[in-house]
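The values are calculated or read from the model by the stated rules, or taken from the named source; none is laboratory data. Predicted model, so just to flag it, every value in this text is computed and none were measured. Counting neighbours? That spans all protein chains shown, and the Cβs are built from the backbone with ideal geometry, glycine included.
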Amino acid sequence: MRITLLLSTLLFLTACGPDIPFTPAERLAGEWTCTMDGSQAVLHADGTWTSLAPDLSQSEGTFKATWKTIEFMAASGPCADLAGSYGYILSRDTLLFTLKDDSCELRTIKLDYAWTRGLSPSIPAVEQGEAAIEDAKGE
């Protein structure tokens, strides 16, 4: 009886939880520019990233994101084979990072500054917002 009650409660709480139609990686996907030096990074919804520094040097890697944390792994560039872990806050078009653990000094410096996103209609959250605006216009 206790197990049935516990399972019923868990199923109820799961059913009442927020139904978020996209992943953290999809939420972060897009083209980002560092306010420090204009470096650019593209985060892809599949968990890969590429970056271009002002001196035109390029690097790439992967990332794993939750709703509050992100871990970068560089496959090339000055931070190759070094993982970096950060907390983050995304507010509209601005992304702010909080260092958790990173042995790549260059990345810690760049991620100490705000990053701004160039909005793209291919970002799920943007698409949904545009659809809601179109629906509202039709009423």
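Observations, loosely collected:
- Number of positions in segment 94-113 that are buried (at least 16 other Cβ atoms within 10 Å of the Cβ) and either in contact (Cβ under 8 Å) with a residue 40 or more places away in the chain or among the small types (G, A, S) (or both): 2
- Test: residue in segment 48-70 that is among the acidic types (D, E) and at pLDDT 95 or above: yes
- Output for segment 47-75, where each listed residue is within 11 Å of the chain's Cα centre (by Cα) and surrounded by fewer than 14 Cβ atoms within 10 Å (Cβ to Cβ): T66, W67, K68
- Segment 95-114: number of residues that are touching a strand residue (DSSP E or B) at 6+ places or on another chain (Cβ under 7 Å) and not in a helix (DSSP H, G or I): 12
- Meets criteria (among the aliphatic types (A, V, I, L, M), out of contact with any Lys or Arg (no Cβ under 7 Å at 6 or more places or on another chain) and at pLDDT 50 or above) for A15: no
- Within segment 31-64, being without any contact (Cβ under 8 Å) to a residue 60 or more places away in the chain and in contact with a Lys or Arg (Cβ under 8 Å, 6 or more places away or on another chain) holds for one residue alone: G47.
- Condition check for L119: under 23 Å from M36 (Cα atoms), over 11 Å from the mean Cα position of the chain (by Cα) and either among the aliphatic types (A, V, I, L, M) or at pLDDT below 95 (or both): yes
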